[in-house]
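Each remark here refers to the structure printed beneath this line.
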Amino acid sequence: MPASVDSIPAPELLARNLRLFVWFRAFFNARFYYPVFAVFFTDLGLTMAQFLWLNAIWALTIVIFEVPSGVLADLVGRRKLVIFSALSMAVEMLLLIVAPQHGGWGLFVICAVNRVLSGLAEAAASGADEALAYDSLKLMTDDADTIEHKWDDTLVSVMRWRSLGGMLAMLVGGFVFDHAGMTAIFGDFPRTVSLKLPVILCFVSACVCVVLAFRLTDLGISKKQPGQRTSVADVGRGMLDAAAWVLKTRWIAALIVAAVLIDAITRTFVTLQSEYYRWVDLPEYSFGIIGAGMSLAGVLVPLYVKPLAQRFSPRVNMLIAGGIGTAALAGVSWLQTAGGIAATFVIMLTLIHVSFLMSRYINRDTPSEQRASILSVNNLTLNIGYGLFSGVFALRLNYVDFGEAIKMLPLVLLVGIVLWFLASRGARKSAQKQGSND
């Protein structure tokens, strides 16, 4: 049954949805504890192994709820899921604010609930906000070329403001976490305060997201009429329909496999990059500075990704992204100097690169009534890959030290992306039908 559109909102409200989408993404991802993400949890009192298992819990939550949340967005409306996501983010940060330092298993339980709420927030927003924005654009114009051009511009705006917001969050988060620097300026106060300040700032960002979510305009695109109940069976059917569409659309399925390979391996390193900085003996105050530079470097991605996407086929673009990621991981594995630090920048850019490509290709060919569901299937597979690989890496750390463990990353990615490129030849003609040059 096709989605129903009861009435088209005014053009200015549709344009506002696109602006709100850009700002929502910027504030949702402005996580002030990212420059110290791993060391925040270990300083809170968790072991590195517990931290990695928390990441696995986070990924498992997304595995369970990613596609159902996307299907719900298509069934009852995308705005409701975005609001739920913002509220979940706010509660998630509150839990870390009140979590007791060195609280034993009680601390681990609180952090586990935090990771579940974080996964719910990610799952609810990941397909819904993008689907709402893209369909707002489609309601503004019927011209396919105009839609593709404006969506590329919207993604560029998201990257630009997300990078600038991330730069500010990294600088401020790393600065307030540095207890010695803070006490030198503001006088003596407990270490726990500077430990929690990045999370408190994240809570402020979450509150801004709540306000932005409530200002979104619903498009009236839903499979359920107002007042109709949504059952578990409805969600189940929607999940099966979304999975069937992806499997039937072979070139999209092939791209998702490539994205999983690149994302799982590079994101595992990004999650642990503050531990890498400690491993190479960088001072803590530098974490935020590096993170800020890394976020600002994200502005560079559209300068080369957009031309590559327009010139080459999806398959070749994924090979390029995988090659860049492999080279960068090799750099951090073997260079414990400025070269290794520079390589961490490239790893982050690789994640943004892949995200841009997948948003471009999936939104271009997904039916409006299934858009949030299909985007959620993509995000689900990415997080399954990340969760599994994070668990494998955690097991690896039980037998070797950190420096030895990260040497496996470039080799695994290189072998994986080469095998994928050879195996995906059957999807070539399908991709070429989309107007690409392979």
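The values are calculated or read from the model by the stated rules, or taken from the named source; none is laboratory data. Owing to the predicted nature of the structure, the values given are computational and were not obtained by experimental measurement. Note that we place each Cβ from the backbone using ideal geometry, even for glycine, and neighbour counts take in every protein chain shown.
For Phe108, the requirement of being surrounded by fewer than 24 Cβ atoms within 10 Å (Cβ to Cβ), part of a helix (DSSP H, G or I) and within 20 Å of the chain's Cα centre (by Cα) is not met. Whether any residue in region 300-309 is under 30 Å from Ser373 (Cα atoms), touching a Lys or Arg at 6+ places or on another chain (Cβ under 8 Å) and surrounded by fewer than 24 Cβ atoms within 10 Å (Cβ to Cβ) is what I want to check. Yes: one or more hits. Scanning region 138-159 for residues that are surrounded by 20 or more Cβ atoms within 10 Å (Cβ to Cβ), among the acidic types (Asp, Glu) and in contact (Cβ under 8 Å) with a residue 12 or more places away in the chain turns up nothing. Of the helices (runs of 4 or more DSSP H) entirely within region 360-430, those holding at least 1 residues that are among the β-branched types (Val, Ile, Thr) occupy 371-397, 408-423.
Just to be sure before I move on: is Phe269 under 28 Å from Phe421 (Cα atoms), surrounded by 23 or more Cβ atoms within 10 Å (Cβ to Cβ) and among the aromatic types (Phe, Trp, Tyr) in the structure I sent? It is true that Phe269 is under 28 Å from Phe421 (Cα atoms), surrounded by 23 or more Cβ atoms within 10 Å (Cβ to Cβ) and among the aromatic types (Phe, Trp, Tyr).
Within region 173-181, is even one residue modelled with pLDDT under 95, surrounded by 15 or more Cβ atoms within 10 Å (Cβ to Cβ), among the aliphatic types (A, V, I, L, M) and not in a helix (DSSP H, G or I)? No, that holds for no residue.
Report yes if some residue within region 40-63 is under 18 Å from Glu130 (Cβ atoms) and at pLDDT below 90; otherwise report no. Within region 40-63, one or more residues are under 18 Å from Glu130 (Cβ atoms) and at pLDDT below 90. Put simply, of Ala26, Ala73 the only residue that is surrounded by 23 or more Cβ atoms within 10 Å (Cβ to Cβ) and modelled with pLDDT of 85 or more is Ala26.
Determine whether Ala184 is modelled with pLDDT under 85, part of a helix (DSSP H, G or I) and farther than 23 Å from Tyr134 by Cα. No; evaluated as a whole, the condition is false for this residue. Checking each residue in region 228-254 for being modelled with pLDDT under 70 and exposed (fewer than 12 other Cβ atoms within 10 Å of the Cβ) picks out Arg229, Ser231, Val232, Ala233.
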